[in-house]
Amino acid sequence: MRSTPMQRREFLRTSSAAAATAFAFQILPATARGANSRIQVGCIGIDGKGNTDTLQTAAAGAAIVALCDVANPRQPGLSRRKQKKAKDGGETMLDKFPGARFFTDYREMIASHPGIDAVTVSTPDHHHFHASMLAMRKGKHVYCQKPISHSIWEARRMTETAAQYKVQTQMGNQAHAGEPIRRAVELLRAGVLGAVQEVHAWTNRPIWPQGMSAWPKAEPVPAGLDWDLWIGPAPFREYSRAIAPFNWRGWWDFGACALGDMGCHLMNLLWHSVDLRSPRTITAETGTFDVDSFPTDAQVQFDYADFGLTWYESGRRPTPPAGLEIGGNGGLIVGSRDTLYFDDAYGAEPRLLSGNPIPDISFTKSPGHMKEWFDGMQGGDRPYSDIVHAGAPLTELLLLGNLAILTGKPTHLNGQIGRADLRGYEDLVNPARTPGWEI
């Protein structure tokens with residue numbers, strides 16, 4: 001039986017208070033590996049984006065010693081990728097890495113595999129915190145897909161834990177390793193645009209259903225899928241193709257809306273070049289939605305002391321400057337001297353609307369997004385999108401936008417990201433978790 005909004009709110013508030021008191025640490029400091037040592041990685045989630053992350057991890061020189069997924073790669077049940085490979089007789093991930101131990105539960109993998117130095121986390125959003133926290137508290141380095149967490153409370157705890165255990169971390173917003181976005185960051189820092197006056201970022205997401213009015217009817221669980229483990233820390237729901245393998249992003253229990261999905265890309269350039277840590281007020285306009293799902297469309301306004309940042313999703317878009325046609329994903333950064341425009345999700349080809357060429361400005365090149373993470377483990381610089389300085393605080397900013405979306409009320413902040421007082425929103429800031437999944 002579905003809970004009413006009031007039942008759910010009271011249950012979550014009670015559980016949130018209990019969960020907030022159950023947080024403890026055990027010191028297990030991570031150690032840097034020598035430059036010639038081969039890093040041993042356990043990969044959590046190996047289909048979809050996890051397939052790419054696993055292969056890129058191996059390509060960067062790591063030894064893949066463990067693989068974990070709630071769906072058995074040899075049984076083509078949940079994933080279209082697995083179904084195609086089985087039909088074609090192609091290799092599964094187990095065939096590609098025959099020496100790796102396979103697990104269905106990452107809790108078991110992290111607890112029982114002593115050879116793992118680091119993990120990649122490529123799961124649905126509601127597992128990001130649990131997998132990452134368990135790994136960091138064992139002194140293991142973490143590469144986690146965006147958004148770094150599913151809730152604000154989780155983002156703050158992950159920041160504390162990454163700092164305490166001194167592990168090397170990286171959030172999976174790979175575009176920041178690209179030269180165009182790094183050059184654009186330095187361009188903004190150098191004041192080429194002048195004072196930033198307004199910012200607009202938009203996406204064609206959601207490309208999955210949102211605004212649902214009821215949970216879908218139960219369907220048989222596909223062969224080889226451990227649905228209880230897929231649900232994990234979230235409230236239990238019966239399996240449906242309307243939830244997995246892809247459409248979970250539209251449900252509040254599992255995803256973080258289009259803003260959480262794409263904001264880590266589209267606002268990434270700004271995070272590293274403009275101070276986004278202290279929004280004063282966040283407001284949202286939305287299409288229709290139920291308490292359990294995200295809206296059909298939304299527009300979110302982040303107001304700062306000196307400028308405003310507007311987020312648009314689905315069919316919503318800013319009014320473009322004269323002569324400019326804007327695409328499905330992109331951004332405008334309007335300054336007192338010039339305007340920077342990019343027309344993809346990753347800031348790949350920014351240009352100045354004045355027609356002036358992008359200045360030849362110095363910037364630090366990346367050896368590669370995954371390679372940054374490995375270099376950090378071997379005594380090099382910290383990764384650019386690590387949890388402490390970028391991944392968690394940027395995620396919190398986006399989740400604050402979701403707070404305005406879900407409540408329908410302005411969110412007034414009286415402090416910086418990571419320290420703002422959010423009393424009164426406990427059920428959304430720190431949702432309840434299934435017994436057995438407490439951290």
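The values are calculated or read from the model by the stated rules, or taken from the named source; none is laboratory data. Predicted model only: the values in this text are computed from it and were never measured. Every residue, glycine as well, gets a Cβ built from its backbone with ideal geometry; the counts of neighbours run over all protein chains shown. In case anyone asks, the SASA skips ligands and DNA or RNA and just uses the protein heavy atoms, side chains included. Shrake-Rupley method; radii C 1.70, N 1.55, O 1.52, S 1.80 Å.
Are any residues in the stretch 244-287 assigned to a helix (DSSP H, G or I) and either more than 17 Å from the chain's Cα centre (by Cα) or closer than 17 Å to LEU340 by Cβ (or both), and if so, which ones?
HIS265, LEU266, ASN268, LEU269, LEU270, TRP271
Which of (1) hydrophobic (A, V, I, L, M, F, W, C); (2) in contact with a helix residue (DSSP H, G or I) (Cβ under 7 Å, 6 or more places away or on another chain); (3) buried (at least 17 other Cβ atoms within 10 Å of the Cβ); (4) assigned to a loop (DSSP other than H, G, I, E, B) is the odd one out, the single condition TRP208 does not satisfy?
(3)
Do any strands (runs of 3 or more DSSP E) entirely within the stretch 110-186 hold 2 or more residues that are under 20 Å from ALA256 (Cβ atoms) and touching a Lys or Arg at 6+ places or on another chain (Cβ under 6 Å), and if so, which?
169-172
So if I check each of GLY401, GLY379, GLY355, GLY391, which one is farther than 28 Å from ALA63 by Cβ and in contact (Cβ under 8 Å) with a residue 60 or more places away in the chain? Give the steps one after another, and end with the answer.
Details: GLY379 fails: farther than 28 Å from ALA63 by Cβ; GLY355 fails: in contact (Cβ under 8 Å) with a residue 60 or more places away in the chain; GLY391 fails: farther than 28 Å from ALA63 by Cβ.
Of GLY401, GLY379, GLY355, GLY391, the one residue that is farther than 28 Å from ALA63 by Cβ and in contact (Cβ under 8 Å) with a residue 60 or more places away in the chain is GLY401.
Go through the stretch 274-284 and count every residue that is of a type in the set (A, V, I, L, M) and open to solvent by less than 10 Å² (accessible area, probe 1.4 Å). Spell out how you get there, then give the answer.
Going residue by residue through the stretch 274-284, those that are of a type in the set (A, V, I, L, M) are 274, 276, 282, 284.
When the remaining residues are screened for being open to solvent by less than 10 Å² (accessible area, probe 1.4 Å), the result is 276, 282.
Count: 2.
Hey, any hits in the stretch 343-350 for a residue that's in contact (Cβ under 8 Å) with a residue 40 or more places away in the chain, under 30 Å from GLY50 (Cα atoms) and among the hydroxyl-bearing types (Ser, Thr, Tyr)?
yes
Could you list, in sequence order, all residues of the stretch 401-436 that are crowded, with 16+ Cβ neighbours inside 10 Å and assigned to a helix (DSSP H, G or I)?
GLY401, ASN402, LEU403, ALA404, ILE405, LEU406, GLU426, ASP427, LEU428, VAL429
Every residue in the stretch 151-183 that is modelled with pLDDT under 95 and of a type in the set (A, V, I, L, M, F, W, C), please.
ALA175, ALA177, ILE181
List the residue pairs whose Cβ atoms are under 6 Å apart, where the first residue sits in the stretch 104-119 and is open to solvent by 30 Å² or more (accessible area, probe 1.4 Å), the second is part of a loop (DSSP other than H, G, I, E, B), and the two are 6 or more positions apart or on different chains.
Listed pairs, sorted by first residue: THR104/VAL70; THR104/ASP226; ASP117/ILE39.
Got at least one residue in the stretch 260-273 being crowded, with 17+ Cβ neighbours inside 10 Å and of a type in the set (Ser, Thr, Tyr)?
Within the stretch 260-273, one or more residues are crowded, with 17+ Cβ neighbours inside 10 Å and of a type in the set (Ser, Thr, Tyr).
For the stretch 297-391, give me every one of the strands (runs of 3 or more DSSP E) that falls completely inside it and has 2 or more residues that are open to solvent by 30 Å² or more (accessible area, probe 1.4 Å).
Values: elements: 298-303, 308-312, 330-335, 339-342.
Those strands (runs of 3 or more DSSP E) span 298-303.
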